[in-house]
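Remarks on the structure that follows.
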Amino acid sequence: MQRLHVKNIVWILAAIAGFILLNTLVDMGVINKFYQITLVRIMINIIFAVGLNLVLGVAGQFSLGHAGFIAIGGYAGAIFSKAYENSLQGMFIGMAVGVVISILLALIVGIPTLRLKGDYLAIATLGVAEIVRVFINNMKEITNGAAGISGIPIVSTWQMIYVFLVITTIFVLNYVYSSAGRATMAIQQDEIAAEAMGVNVTKYKVIAFVIGAITASIAGTLNANYIGIVTPGDYTFNKSIDVLIIVVFGGIGSFTGSFVAAILLGLLNVVLQDYGQLRMIIYGVAVILIMIFRPGGLLGTSELRLGSLVSKWVKGNKEVVR
């Protein structure tokens with residue numbers, strides 16, 4: 001967590017430039033209401049994917065429980081924003097409640113299950129997500145059961161989601177490049193060797209799992225308060241698979257890849273929208289072809305290191321001046 005220096009400042013400036021560009025395109029009408037929905041969907045998917053990539057790509061834990069944490073955030077945001085007269089305040093309270101519940105659940109689930117590996121861990125986390133969904137389905141007094149909650153105040157905007165995208169990404173990347181993050185990477189590369197070197201394996205696995213749960217819950221709240229409706233059917237096994245596809249498509253362990261994959265798949269959905277059900281077939285074939293020719297994902301484990309590029313450029317200019 002020591003990267004609040006030149007590299008972080010460079011990324012913050014890049015994020016501000018990106019915000020100004022998007023805002024200009026919206027003001028000019030290039031990004032109309034329809035494309036704003038696509039933009040929001042892409043940004044939400046990026047937050048989901050970055051959190052899962054930390055769990056899968058950095059900690060090496062195959063989790064299929066992301067939908068459960070997304071559901072917790074979504075329902076918490078929906079319930080509190082409807083309960084409060086000030087819906088925006090209610091949404092933020094709901095977001096905080098969702099995060100707290102997600103942390104507790106991630107700790108309760110993570111400590112025993114993260115001792116498992118591979119398929120066993122995937123099945124265990126999938127079971128947790130299903131338990132959350134069944135729980136929501138049966139808590140009719142609070143969640144309205146299978147009918148879900150409609151009429152949720154639309155207080156989440158693309159600008160707000162963009163800010164949260166930047167904050168969550170910087171938070172995750174700072175963790176990855178901290179000493180704790182490097183210990184987590186060591187576990188992913190060789191768990192036995194890491195443990196032999198004194199790394200507390202369970203501790204760092206749980207930390208990564210908890211951070212992934214937090215980002216999923218936050219994005220779930222933002223999404224619920226943007227589309228205005230949540231139902232248990234939105235948080236099935238397929239939701240976890242959708243996020244997993246983005247991570248694998250971009251490259252497991254590459255956060256830049258998660259960005260690229262979420263954008264490309266989001267745009268592909270828009271391009272194929274006129275093809276009805278055929279769209280899903282074309283979408284699936286496109287994903288399969290990419291995975292055949294790029295089995296490591298679009299970017300593999302490569303990252304865009306903008307901060308390093310700028311630092312090198314600045315140093316190069318100083319040497320030229322001398």
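Listing for the model above:
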| read-out | value |
| --- | --- |
| Size of electric dipole in the chain: Cβ of Lys, Arg +1 and of Asp, Glu -1, about Cα centre, debye, nearest 20 | 700 debye |
| Taking only Cα atoms of the range 55-106, radius of gyration then Dmax in Å | 13.3, 43 |
| Dimensionless Rg ratio for the chain, taking C-alpha atoms and the 2.2 N^0.38 Å reference | 1.02 |
| For the range 104-162, Kirkwood radius (reciprocal of mean inverse C-alpha pair distance, Å) | 14.2 Å |
| Top of 141, 130, 191 by mean-square fluctuation, Gaussian network on the chain, Cα under 10 Å | 141 |
| Dipole of the chain, positive end: most advanced residue of 47, 244, 16 [Cβ charges, Cα centre] | 16 |
| Charge context of residue 262, other residues only, Cβ under 15 angstrom, K/R +1, D/E -1 | +1 |
| Most to least packed among 172-180, 246-254 [average Cβ atoms within 10 Å] | 246-254, 172-180 |
| Among the listed pairs 7/205; 33/239; 82/239; 33/140; 7/33, those beyond 28 Å (Cα-Cα) | 33/140; 7/33 |
| Mean projected area in nm² (Cα convex hull; one quarter of hull surface) for the range 117-226 | 8.8 nm² |
| Solvent-accessible area, 1.4 Å probe, carbon plus sulfur percent, for the range 1-87 | 66 percent |
| Cα-Cα P(r), the range 196-269, percent of pairs per 5 Å interval | 3, 12, 15, 23, 21, 13, 7, 3, 2, 1, 0 |
| Quotient of Cα Rg and 2.2 N^0.38 Å for the range 1-84, N being how many residues it contains | 1.44 |
| Two-site label geometry, residue 292 and residue 191: point separation in nm, points 7 Å out along Cα→Cβ | 3.4 nm |
| 15 Å tail of the calculated P(r), the range 226-284, as % of Cα pairs | 61 percent |
| Where the chain is the region considered: accessible area per residue in Å², 1.4 Å probe | 50 Å² |
| Ellipsoid equivalent to the range 49-177 - semi-axes via the Cα gyration tensor, in Å | 27, 21, 11 |
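The values are calculated or read from the model by the stated rules, or taken from the named source; none is laboratory data. Please read these numbers as outputs of a predicted model, since none were measured by experiment. Counting neighbours? That spans all protein chains shown, and the Cβs are built from the backbone with ideal geometry, glycine included. Please note that ligands, DNA and RNA were not included when accessible areas were found on the heavy atoms of the full protein model with its side chains. Shrake-Rupley method; radii C 1.70, N 1.55, O 1.52, S 1.80 Å.
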